[in-house]
Amino acid sequence: MNRSESHPAPPNHSPPGAKSCHVLERGSPSGRPVVLVHGLASLAEEILFPLAGPVTDRGYRIIAVDRPGYGGSAPVPAREMSPSAQARRLHHTLARLGVRDAILVAHSIGAAPALHLACRGGSGIAGLVLINPFCRPTRPRAAVGLRAATAPLVGPVIRKGLPAIAPTLGRRMVRAAVHRNQALPDLRAFPWRRMAQPTAVSAMADELNRFNADMIAFRLRLKRLEQPTVVLADPADPVIDGRAHAGWLSHRLPRSVVHWQRAGHLLHHTRPEAVVAAVQAIHAAVPPGQEFSRTGLPEGDRRTDGGSG
């Protein structure tokens, strides 16, 4: 199978010593690593699908990781689903793969562990591309369905039956994540039943429950993050408050730019070229093997008023 193709997914691959972590790889092993971190209710295959070809065609090596409980990665105790705990696991996984000088690309809530990872000393992360990041501490939604699926008595029954109706629910979620009259992403990117497997549902609830406390404690550390960061955000994101989250980050990250893209929450599907351009901007700002530079990151828009760009 051609390593630049993104579908179907390859067999499971776990780095030595990390049996619980499922990784998908594409591109030349000698290319600069681009690490993909998926969002909530997703998995590595979904974020890989639209980006594998465009990114590997430019000589990069892609590494997409299933976060704990999602896809082919084993679940972990609830206390280990905080962004900081997930970052520690990701750090160990990338270290076992020998990843250095990586450009980290993260979507939605996946941006939280990505930022934690970048702040770790010796993380091997050269820069970040955050796609519609969900990082700002936020009042939890009612999430009646998710609460029912994780309830003590009825939860196991609901989780067992959820994969059967996942295709119908999933298509509705994708439609809700794009703007009216906007073309839908290629639905082959969404393996619905695996996205709704019981361990994934539990992982969703666990990471949401631990998100706010972790990010409140972490917010002051963001000012010390040295890596250049490109934020790709939709000011009218149908799923999250794009302006609030991008603004929260922009005011804290010393080397960040925000590029507004009216592209829906699944921007990596609808505007993959914008993600590729951001990866190349990080690559230019921090050439492989070099220290972080205070110059070189292209100008962006640090406004949070919903401008387009």
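The values are calculated or read from the model by the stated rules, or taken from the named source; none is laboratory data. Just so it is clear, the model here is predicted, and its values are computed rather than measured. Cβ atoms come from the backbone with ideal geometry, glycine included; neighbour counts cover every protein chain shown.
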Just to check your reading of the model, which residue among A106, A112, A126 is under 17 Å from the mean Cα position of the chain (by Cα), under 20 Å from P254 (Cβ atoms), part of a helix (DSSP H, G or I) and modelled with pLDDT of 95 or more? A112
Being touching a Pro at 6+ places or on another chain (Cβ under 6 Å), modelled with pLDDT of 95 or more, within 29 Å of L187 (Cβ to Cβ) and outside any helix (DSSP H, G or I), is that true of even one residue in segment 234-251? no
Take the residues in segment 212-240 that are of a type in the set (D, E, K, R) and in contact with a helix residue (DSSP H, G or I) (Cβ under 9 Å, 6 or more places away or on another chain); name whichever of them is surrounded by the fewest Cβ atoms within 10 Å (Cβ to Cβ). R224
Return yes when G31 is surrounded by fewer than 22 Cβ atoms within 10 Å (Cβ to Cβ) and either in contact with a Phe, Trp or Tyr (Cβ under 8 Å, 6 or more places away or on another chain) or free of Cβ contacts under 8 Å to residues at least 12 places away in the same chain (or both) and no when it is not. yes
Looking at R255 and the list (1) crowded, with 21+ Cβ neighbours inside 10 Å; (2) out of contact with any helix residue (DSSP H, G or I) (no Cβ under 8 Å at 6 or more places or on another chain); (3) closer than 19 Å to A118 by Cα, which single condition is not satisfied? (1)
Of the numbered conditions (1) among the polar types (S, T, N, Q); (2) at negative phi; (3) in contact with a helix residue (DSSP H, G or I) (Cβ under 9 Å, 6 or more places away or on another chain), T93 fails exactly one; give the number of that condition. (3)
Output the number of residues of segment 135-153 satisfying the condition of being surrounded by fewer than 24 Cβ atoms within 10 Å (Cβ to Cβ) and either modelled with pLDDT of 95 or more or part of a helix (DSSP H, G or I) (or both). 8
For segment 209-233, enumerate the residues that are within 14 Å of C119 (Cβ to Cβ) and in a strand (DSSP E or B). T229
